[in-house]
Amino acid sequence: MVTEVKKVHTPDLSVKHLQSLFVAAVPAGFPSPAADYEEDKLDLNKHLIKNPAATFFVRVTGDSMVGAGIHHEDLLVIDRSIEPKDKNVVIAVVAGELTVKRIRIKSRKITLEPENLNYSAQEIAEDTEFEVWGVVTSVIHKL
Amino acid sequence: MKEVFALVDCNNFYVSCERVFNPKLAHRPVVVLSNNDGCIVARSNEAKALGIGMGVPAFEVADLIKKHNVEVFSSNYTLYDDMSSRVMEVLSTFTPDIEVYSIDEAFLNLAGFKCSLTDYGRKIRQTVKKWTGIPVSVGIAGTKTLAKVANHIAKKSARVDGVPDLTDSTNLEQVLAEVPVEKVWGVGIRTAIKLKRVGIETAFDLSKADINWIRNRFGVVGVRTVYELRGICCYQLEQNPPAKKSLVVSRMFGKPVESVEQLKEAAASYASRAGEKLRRAKLAAGLMTVFVTTSRFIKNKYFNSHTVEFESATNNTTELIRAALLSIDYLYRKNCQFKKCGVILTALVSESRIQQSLFDNTDREKSHRLMKAVDAVNARVSSPLRWAAEGLCQSWQVKFNRRSCRYTTRWDELLKVT
């Protein structure tokens, strides 16, 4: 598709809004009593991401995990550095396909469980190519 | 204290990046093409086994690619760059003394580490693989040149988890005898040919070469290579890379360009990209050189360049584009089929140290805010804001026909899971 340009607008540079030099309050009198209690602002990145080098975001398609609060189009925060444990929600690679499921590890048996009655659990056979791509640590769901 | 270096090198780096986000590519022949989908710049082991060479033009191996159903990707430098910085970040958790040597290689200084170096190397490998998905090889030795040799052995050896440690090797001579001289760090193809002419075929031969002869023929750099092969450390870790002296944005065109309009679009677009890069590095440029070139193999050969000096150093895209367009007016020649154009920025200074010219009446503060706003928008959207001078169709644009998604830097190109 060719984008057609009807009109090119040039910016109006005739008016300048320069900051006047003397607007800041002159520091005299008592300093703010709160200055000592100043802390960093809350940073969602720090809250959600413990290990930036190993953290990836992925987008969910489908509804197989709605029971776990994971919906279509949600954003998942994945930390690859975490060792997957029984009952973790993980991104797994099964025969080359990426899938988000709850992992069940019982002795040597691994099962991937959906959280939606319309889907069935998948037991991983010994000879299936299987790998945990990363552990899901948070869901970001837009309302 | 005795020096100990580890060289960590990502295996088939670009291919490995593609595989992290596309697990179906495992065990399959995969290649990545250079800019403009021209030459092969990365190959999976399976592709190497098919006889697909490094750097060969893609059309030369088109038959092989078709016959063996090789997966072909355009280079996705945005993704490779992000994955590279992740790998380096993981490596820096193992030692603070790290030299990022290239996009896929780093030297680590492990001097004074009391643990088993082989075990430590193995831990490095496992951690990088687990955290980032990228497989790496690790080689350890007392000099950087020998660490390169060790890494070469790690790559060649059949044992996938091997971490060769040459620091206390008793059979170093045997090891070096197996390494062809052209594989030695710092020995280029031409040097290798000269060496082989006098019977120096392997790294071992080179390590035994007469120092005076080497100094006469190859200078002090050659002498250092020989000493390093003998285990005498001549190169330390370079942790503070020299400040950037220049910044280049240049690309081949997707197809030859003849019109001045298209050439201007391309130059404007590269200038714009250069501005982005400058601002990211918090730099400003004092000089801009624009060059244009036709193919070397046609009748109407032409190469020329033009340099513009800015009144005060700048990283403002509008100013950069204005200079680029001026240069093209000067450089353009009719009936030439241009193949490539580029923008080189030099006399780089820190953004905070821009010397204002006395007669400069640009509102720097305002233009700075505009650039910040443009950069902020472009970080978020997949079709970026562009200056009109860059053109709309950009038919000269390089081809990236088979680029994968920029999985780690674009909200709208994230990996999808079901």
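The values are calculated or read from the model by the stated rules, or taken from the named source; none is laboratory data. Predicted model only: the values in this text are computed from it and were never measured. FYI the Cβ positions are ideal-geometry reconstructions off the backbone, even for glycines, and counts take in every protein chain you see.
Summary table
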| quantity | calculated |
| --- | --- |
| Set B:Ala47, B:Ala58, B:Ala62: member being surrounded by 21 or more Cβ atoms within 10 Å (Cβ to Cβ) and away from chain A (no Cβ under 14 Å) | B:Ala47 |
| Residues of the stretch A:106-120 classified as in contact with a strand residue (DSSP E or B) (Cβ under 8 Å, 6 or more places away or on another chain) and more than 18 Å from A:Val139 (Cα to Cα), total | 4 |
| Candidates B:Ser250, B:Ser259, B:Ser246, filtered to the one that is polar (S, T, N, Q) and buried (at least 16 other Cβ atoms within 10 Å of the Cβ) | B:Ser250 |
| Criterion: surrounded by 15 or more Cβ atoms within 10 Å (Cβ to Cβ), of a type outside the set (Ser, Thr, Tyr), within 30 Å of B:Tyr120 (Cβ to Cβ) and within 14 Å of the chain's Cα centre (by Cα) - qualifying residue of B:Met83, B:Met88 | B:Met83 |
| Members of the stretch A:55-114 that are among the small types (Gly, Ala, Ser), more than 24 Å from A:Ala125 (Cα to Cα) and more than 9 Å from chain B (Cβ to nearest Cβ) | A:Gly67, A:Ala68, A:Gly69 |
| When residues of the stretch B:212-230 are limited to those that are among the aliphatic types (A, V, I, L, M) and out of contact with any helix residue (DSSP H, G or I) (no Cβ under 6 Å at 6 or more places or on another chain), the one surrounded by the most Cβ atoms within 10 Å (Cβ to Cβ) | B:Val221 |
| Scope the stretch B:53-84; condition assigned to a helix (DSSP H, G or I) and of a type in the set (Phe, Trp, Tyr); matching residues | B:Phe59, B:Tyr77, B:Tyr80 |
| Flag if B:Trp411 is under 29 Å from the mean Cα position of the chain (by Cα) and within 14 Å of chain A (Cβ to nearest Cβ) | yes |
| Options B:Ala192, B:Ala177, B:Ala147, B:Ala158; residue that is at pLDDT 95 or above and not polar (S, T, N, Q) | B:Ala147 |
| Qualifying residue in the stretch A:34-42 (condition: closer than 30 Å to B:Ser84 by Cβ, more than 14 Å from chain B (Cβ to nearest Cβ) and either at pLDDT below 70 or not in a strand (DSSP E or B) (or both)) | yes |
| Selected residue [without any contact (Cβ under 8 Å) to a residue 24 or more places away in the chain and of a type in the set (A, V, I, L, M)] from B:Leu195, B:Leu237 | B:Leu195 |
| Of all residues in the stretch B:363-416 being surrounded by fewer than 16 Cβ atoms within 10 Å (Cβ to Cβ) and polar (S, T, N, Q), the one that is modelled with the lowest pLDDT | B:Ser382 |
| Unmet criterion (only one of (1) crowded, with 17+ Cβ neighbours inside 10 Å; (2) closer than 19 Å to B:Phe5 by Cα) for B:Asn171 | (1) |
| Among (1) part of a helix (DSSP H, G or I); (2) farther than 16 Å from B:Val4 by Cα - the single one B:Glu228 does not satisfy | (2) |
| The stretch A:125-143, subset among the β-branched types (Val, Ile, Thr) and buried (at least 17 other Cβ atoms within 10 Å of the Cβ), residue farthest from the other protein chains (Cβ to nearest Cβ) | A:Thr137 |
| Among residues of the stretch A:43-54, those that are more than 9 Å from chain B (Cβ to nearest Cβ) and of a type in the set (A, V, I, L, M), counted | 3 |
| Flag for B:Arg279 being part of a helix (DSSP H, G or I) and either surrounded by fewer than 20 Cβ atoms within 10 Å (Cβ to Cβ) or more than 28 Å from the chain's Cα centre (by Cα) (or both) | yes |
| Of all residues in the stretch A:42-68 being among the β-branched types (Val, Ile, Thr) and under 12 Å from the mean Cα position of the chain (by Cα), the one that is nearest to B:Ile134 (Cα to Cα) | A:Thr55 |
| Residues that are surrounded by fewer than 18 Cβ atoms within 10 Å (Cβ to Cβ) and assigned to a helix (DSSP H, G or I), drawn from the stretch B:326-337 | B:Leu326, B:Asp329, B:Tyr330 |
